[in-house]
1. If W362 satisfies all but one of (1) surrounded by fewer than 14 Cβ atoms within 10 Å (Cβ to Cβ); (2) over 22 Å from G297 (Cβ atoms); (3) not β-branched (V, I, T), what's the number of the condition it fails?
2. Suppose we filter R65, R96 for residues that are assigned by TED's automatic domain parsing to the domain that holds M20 and within 30 Å of A169 (Cβ to Cβ); which single one remains?
3. Looking at the range 358-394 only, could you name the residues that are charged (D, E, K, R) and under 19 Å from L338 (Cα atoms)?
4. Quick one: count up the residues across the range 19-35 that are part of a helix (DSSP H, G or I), in contact (Cβ under 8 Å) with a residue 24 or more places away in the chain, of a type outside the set (K, R) and surrounded by fewer than 22 Cβ atoms within 10 Å (Cβ to Cβ).
5. Quickly run through the range 319-332 and pick out the residues that are over 27 Å from the mean Cα position of the chain (by Cα) and either in a loop (DSSP other than H, G, I, E, B) or not hydrophobic (A, V, I, L, M, F, W, C) (or both).
6. When you go through (1) surrounded by fewer than 21 Cβ atoms within 10 Å (Cβ to Cβ); (2) touching a strand residue (DSSP E or B) at 6+ places or on another chain (Cβ under 7 Å); (3) closer than 26 Å to G108 by Cα one by one for T246, which number turns out not to apply?
Amino acid sequence: MVSLIPFQGYHYNTKEIKDMGKVIAPPYDQISLQMQDDFCASSPYNFVRLIFGKVFSDDTEKENRYTRADQMMRKWIQEGVLVQDKEPSFYLYRQRFKLYGQWFERAGLVGLMRLEPFGKGVFPHEKTFPKPKEDRFKLMKTCRTNFEHVFFLYDDPDRYLEKFLEKCAGEPLFLCTDPSDTSHSIFKLSKTEVLNQVVDFFKDKNLLIADGHHRYETSLLYQQEMRSVFCSSSDDSAPFNFRLGTFVSLQNKGLKILPTHRVLKNLNEIQRRLLKERLPDYFDMRKVDSLQEALEGIERQSFSFGLADKDDFFVLNLKTSVDLKKEFPEIPPVLVELDVFVLHSLIFNRILQIQPEKSDEWINYIRWPQDVLKEIKEDPHKLAFFLNPVKPNQVRKVAESGEKMPHKSTDFYPKLWSGLVFYKMEF
């Protein structure tokens, strides 16, 4: 079980920043170099300068993107561009967004959670990689700050906390819109009775990490290093024992997971022939006339995939005669139930002999179907596989089992944007 506490958040001063939409930014791992330039150009105070600063050829150990972030943050605080709330608070973070022609709203609680090792109240569902952790660790160590949130999920079948927080929210600290027309608003919750209710609510909860696995593991590493320096016990109130997060109910109607489609690149003729010969061993294949028909053909169907090249579209349905448990007897059942596992294990690994550790050399991961279509139209050597999204309960089952999903299995939409409220560790 986990424990949450309120905190004195830092955020932009609306007396100095009139348009918050020009200073917030997506999570660092969603920012391309072109986006980095665009966000920097939008405002001299854009948050991208703190979370994903530019790298220069003459950078040194004493002067680099991390030290510049620290210097900039301190300068903005001194100038009053960034301010700290005077009283400990939780925050309500509300996003309103459009998806597939419909408007949705998602709300989450922002607060600090006491760091716990995986399996003790906190459960991941993705593998992590050394390079992003090294990058985030350098930023955290230099700035002593959680600039970005970890996206956590909790179970609340009656949506008790969500309804309670909506009643408590007054006027927002600020409201802004990002370039995709998603609105972001933050409400401060500082009344003692509200804080106590929130703390009590989470005492018997487990948390699943939706997004931010690298950030969470970085906090664990930083905690370990700081404890060795300060000889702190595991249950004290030192700032490095806590992690900033946004906590969203699994039952929230705005909790959306998108599929990440796969584009196979650089396929040779032998691999193409293997697909043509071997796919019918496992799948019923039906040719359709368009991408839309392919997507409609797989919608809400288990173990069903769209397949496309530059000219043709197919719907693949796993044959009822295929017993996945017999095909993969060594694999935990909770993974065999996933479409994305079947795609990778049966098609990519078994038929095409693409080794899992080299999958990124063969696969491009793309969110929107129209972007997939554009890519395969421009290159006749590419093939695309379209998937259905993973369900929230599948994420929970995998996480709580201790297993990990294949790379890029979940895409929680929209992302939690950075620069709305953050946690600076004072010690």
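The values are calculated or read from the model by the stated rules, or taken from the named source; none is laboratory data. As the structure is a computational prediction, the values presented were derived from the model and not from experiment. Virtual Cβ from ideal backbone geometry, glycine too; neighbours counted across all protein chains shown.
1. (1)
2. Exactly one of R65, R96 is assigned by TED's automatic domain parsing to the domain that holds M20 and within 30 Å of A169 (Cβ to Cβ), namely R96.
3. R367, K391
4. Within the range 19-35, residues that are part of a helix (DSSP H, G or I), in contact (Cβ under 8 Å) with a residue 24 or more places away in the chain, of a type outside the set (K, R) and surrounded by fewer than 22 Cβ atoms within 10 Å (Cβ to Cβ) number 3.
5. Here is the first cut: in the range 319-332, the ones over 27 Å from the mean Cα position of the chain (by Cα) are 319-330.
Correct list: K319, T320, S321, V322, D323, K325, K326, E327, F328, P329, E330.
6. Tallying (1) surrounded by fewer than 21 Cβ atoms within 10 Å (Cβ to Cβ); (2) touching a strand residue (DSSP E or B) at 6+ places or on another chain (Cβ under 7 Å); (3) closer than 26 Å to G108 by Cα, T246 fails exactly one: (1).
Residues checked against (1) of a type outside the set (V, I, T); (2) in contact with a strand residue (DSSP E or B) (Cβ under 9 Å, 6 or more places away or on another chain); (3) at pLDDT 95 or above:
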| position | (1), (2), (3) |
| --- | --- |
| V23 | no, yes, yes |
| L33 | yes, no, yes |
| P44 | yes, no, yes |
| F47 | yes, yes, yes |
| V55 | no, no, yes |
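For every residue, the table says whether it meets (1) touching a helix residue (DSSP H, G or I) at 6+ places or on another chain (Cβ under 8 Å); (2) buried (at least 18 other Cβ atoms within 10 Å of the Cβ); (3) closer than 19 Å to H407 by Cα; (4) among the small types (G, A, S).
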residue: T128; (1), (2), (3), (4): yes, no, yes, no
residue: K138; (1), (2), (3), (4): yes, no, no, no
residue: C143; (1), (2), (3), (4): yes, yes, no, no
residue: F147; (1), (2), (3), (4): yes, yes, no, no
residue: F151; (1), (2), (3), (4): no, yes, yes, no
